[in-house]
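The values are calculated or read from the model by the stated rules, or taken from the named source; none is laboratory data. Everything numeric in this text was worked out from a predicted model, so none of it was measured. Note: ideal-geometry Cβ built from the backbone for every residue, glycine included; neighbour counts use all protein chains shown.
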Amino acid sequence: MKKLLQYRQKVRTFILDTLFPISCLVCQTQINRWICPSCLEKIPLQKEQVCPICERIITPKGEVCFSCRKKNSIDGLLVCASYKEKTISRAVHYFKYRFVEKISIPLGKIMLKSFLSFNLLLPDLIVPIPLHCRRLRWRGFNQSQLLANYLGENLTPGFEIVVSKNNLIRKRYTLPQMKIKNFKERQENMQNAFAVLRKKEIQGKNILLVDDIATTGSTLFECAQTLKKAGAKKVFGIVIARQKSN
Ligand SMILES: [Zn+2]
Ligand SMILES: [Zn+2]
């Protein structure tokens, strides 16, 4: 059954690619890639990282600064690029709202490059930010899971890092954070929204928490807290970019 589904998916992709050849969304070159190698190369990566909580103090790899540190919270967040870059915002839009699954590849490459350039600690486990099943049905895929898979396969050549699946889950259906303007309401919207199903997978692990875009960061912080409470040793986040909430 699974094989048949995969086969049908392949046929469908083949037909779509033949009828509508893909061109680079930046330079429009027909190259059958969503971002061609030369446009991908040109995307500037974030050189400086800041504390993800106050967003004021510069820290070497995006670690949380001393005064923002507290128990059970995220240890740091690597922001790979700027949302102000047109290529980034367009690619993310195609990914999230036009359901172009394959954009996970160039976006994953950006994440990989940034991760390696900051020389982050290799994680024991990669955990994607979960989608509620209602949103998953609507989009058809979890964009964070695809990015997490890309990192799991490519962070250490020849050795895959385990990517967690359906362990950190979203218990409640929450409003999309973008729709809530007030910071406090955003935090409340996220409270107790997540749970860990299998603590054993999490316990004592250094975790890389993957999301596509962060706004206030409250989703990431809440997930990090849930993972820490389940016994995670360290939780470091990675996102493509951070979008200002207003
Ligand atoms: Zn191009
Ligand atoms: Zn801080």
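Numbers below:
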quantity: Members of the range 21-56 that are within 11 Å of ligand 2 (Cβ to nearest atom) and out of contact with any helix residue (DSSP H, G or I) (no Cβ under 8 Å at 6 or more places or on another chain); calculated: 50, 55, 56
quantity: Filtered residues of the range 166-178 (kept if at pLDDT below 95 and either over 21 Å from residue 99 (Cα atoms) or not aliphatic (A, V, I, L, M) (or both)); calculated: 166, 169, 170, 171, 172, 173, 174, 176, 177
quantity: Residue under evaluation residue 109, criteria (1) closer than 21 Å to residue 224 by Cβ; (2) modelled with pLDDT of 95 or more, criterion not met; calculated: (1)
quantity: Some residue of the range 12-22 being modelled with pLDDT of 75 or more, surrounded by 11 or more Cβ atoms within 10 Å (Cβ to Cβ) and either in the same structural domain as residue 93 (by TED's automatic domain parsing) or within 16 Å of ligand 1 (Cβ to nearest atom) (or both); calculated: yes
quantity: Criterion (free of Cβ contacts under 8 Å to residues at least 24 places away in the same chain, on the phi < 0 side of the Ramachandran plot and among the hydroxyl-bearing types (Ser, Thr, Tyr)) met by exactly one of 156, 59, 87; calculated: 59
quantity: Test set (1) crowded, with 18+ Cβ neighbours inside 10 Å; (2) of a type outside the set (Phe, Trp, Tyr); (3) at pLDDT 95 or above - residue 36 fails condition number; calculated: (3)
quantity: Residue ID - nearest to the chain's Cα centre (by Cα), chosen from residues in the range 42-92 that are closer than 22 Å to residue 103 by Cβ and part of a loop (DSSP other than H, G, I, E, B); calculated: 80
quantity: Those residues of the range 212-229 which are hydrophobic (A, V, I, L, M, F, W, C) and either closer than 18 Å to residue 88 by Cα or assigned to a strand (DSSP E or B) (or both), in sequence order; calculated: 213, 214
